Amino acid sequence: MKVIVRRLAMKLRQPFVTSYGVEQEKDVLLLEVQTETPKSGFAECVAMPSPYYNEETTETALYIISKFLIPLIWRMEWQSREDLWTTRFAFRSVRHHEMAKAALEMAVWDAFAAEYQQPISQLLGGVKKEIPVGISVGIETSLSHLLKQVGNYVEQGYQRVKLKIQPGWDYVPLQALRSAFPRLQLLADANSAYRLEDAEQLKQLDSLGLVMIEQPLEPDDILHHAQLQAKLDTPICLDESIRSASDVKKAAEMGACKVINLKPGRVGGFAESIEIHNICVDNGLELWCGGMFETGIGRLHNIALTSLPGFTLPGDTSPSDRYFERDIINPPVVFSRPGFLSVDPLVGVQERIDWSEIERSQVSKYVFERPEI
Ligand code: OSB
Ligand code: MG
């Protein structure tokens, strides 16, 4: 067995602005797990260059993966679907670093799919053949530009629109979108830009019929989310606050949210994601799959996960051309019909890798070989 870590630099079509900064370029850690056969499994790490969304970065993930996680898998073997759960278990000795763990864990699942020729969606327990899609829209400076942009997305068929908000860019743009598109499924994502003291300001949004407000308060603050949810009619969705199945249980118990944004890359991978899915179903929480500007590889994984029955709302799993001129998979992710994506029965994403695009964007490459025992 071999693990190959590649670092890629991919240009985003447009800069994307959130309450914590601007993304210009996608800094990608791409993991490849190669079996003896040899078959290859792939996954990407969703950590970003700066520690603003959470504390991980591309560099810390590279360090944790190389120094601590890869050595943990050398002695492992995966012969059945049940064995895949042992990867998550093996990583438990390393605290947090869920994004680093997810990248390697998901590459192992993907390698298993390739090795045993089983569709990744089926391995995960997926049932849907097609999934609905929404879009995430960054913070804008111009209201007229925002309205034009969203009009364009609605025309393309996106089934719901999520607007990034922050104090000073919240009620006014949301109200303008609500007037222009009265029946649009609209939601707001604050990326932790508010405090509990802002409850009255957030309460104003109740009049706009938003499907939800995502992550209004601090990542560590499940308690205050529960207090805020008690004051708001708009359902709260948690993103940054959810790093594990245990966090979902706590949030459900406290009434901190009614919706979960699940990103497998943020919670340590596929096994944890399946557990979170099941907890949401058992507790009547709505569930959808978020995004982290993934390349096609992460996109295909998110789509496969979204085929599980408990995903109740459109995700941020937009087609490749939302962010990239050219993707590293071929064909790229496209709508199967406006607003929908098909869940392809891929036996791992290796079927779709575009090596020429990977080589074109590759900045560095590290090869780790299983030591002789
Ligand atoms: O908060 O959901 C978020 C992107 C990077 C980090 C955090 C978030 C996002 C997005 C974009 O909202 C989702 C996407 O289209 O990939
Ligand atoms: Mg979010």
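The values are calculated or read from the model by the stated rules, or taken from the named source; none is laboratory data. Just so it is clear, the structure is predicted and the values come from calculations on it, not from any experiment. Neighbour counts are summed over all protein chains in view; Cβ atoms, including those assigned to glycine, are modelled from backbone coordinates with ideal geometry.
Return the residues of region 292-315 that are surrounded by fewer than 23 Cβ atoms within 10 Å (Cβ to Cβ) and either within 11 Å of the chain's Cα centre (by Cα) or within 13 Å of ligand 1 (Cβ to nearest atom) (or both); say none if nothing qualifies.
292, 293
Mind counting the residues in region 227-252 that are within 15 Å of ligand 2 (Cβ to nearest atom) and in contact with a Gly (Cβ under 8 Å, 6 or more places away or on another chain)?
Residues in region 227-252 being within 15 Å of ligand 2 (Cβ to nearest atom) and in contact with a Gly (Cβ under 8 Å, 6 or more places away or on another chain): 2 in total.
Please specify each residue of region 222-261 satisfying the condition of being over 20 Å from residue 20 (Cα atoms), within 13 Å of ligand 1 (Cβ to nearest atom) and crowded, with 24+ Cβ neighbours inside 10 Å.
Passing the criteria: only 260.
Pairs, please: C-beta under 7 Å, at least 6 apart or cross-chain, first residue within 14 Å of residue 236 (Cα to Cα) and in region 276-292, second within 16 Å of ligand 2 (Cβ to nearest atom) and of a type in the set (S, T, N, Q)?
Matching pairs, first to second residue: 288/261.
Return only the number of the condition from (1) closer than 27 Å to residue 90 by Cβ; (2) within 16 Å of ligand 1 (Cβ to nearest atom) that residue 278 does not satisfy.
The one condition residue 278 does not meet is (2).
Let's see how each residue does on (1) within 30 Å of residue 334 (Cα to Cα); (2) in contact with a Phe, Trp or Tyr (Cβ under 8 Å, 6 or more places away or on another chain); (3) not in a helix (DSSP H, G or I):
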{"position": "90", "(1), (2), (3)": "no, no, no"}
{"position": "123", "(1), (2), (3)": "yes, yes, no"}
{"position": "126", "(1), (2), (3)": "yes, no, yes"}
{"position": "152", "(1), (2), (3)": "yes, no, no"}
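This table checks each residue for (1) at positive phi; (2) away from ligand 2 (no atom under 13 Å from the Cβ).
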| position | (1), (2) |
| --- | --- |
| 180 | no, yes |
| 185 | no, yes |
| 190 | no, no |
| 198 | no, yes |
| 201 | no, yes |
| 205 | no, yes |
| 215 | yes, no |
| 222 | no, yes |
| 225 | no, yes |
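If residue 141 meets every condition in (1) assigned to a helix (DSSP H, G or I); (2) modelled with pLDDT under 95; (3) of a type in the set (Ser, Thr, Tyr) apart from one, which number is that one?
Here residue 141 meets the rest and fails (1).
Could you list all residues from region 92-103 that are assigned to a loop (DSSP other than H, G, I, E, B) and either within 17 Å of the chain's Cα centre (by Cα) or touching a residue at least 24 places away in the same chain (Cβ under 8 Å) (or both)?
Going residue by residue through region 92-103, those that are assigned to a loop (DSSP other than H, G, I, E, B) are 94-97.
94, 96, 97 - these are the residues of region 92-103 that are assigned to a loop (DSSP other than H, G, I, E, B) and either within 17 Å of the chain's Cα centre (by Cα) or touching a residue at least 24 places away in the same chain (Cβ under 8 Å) (or both).
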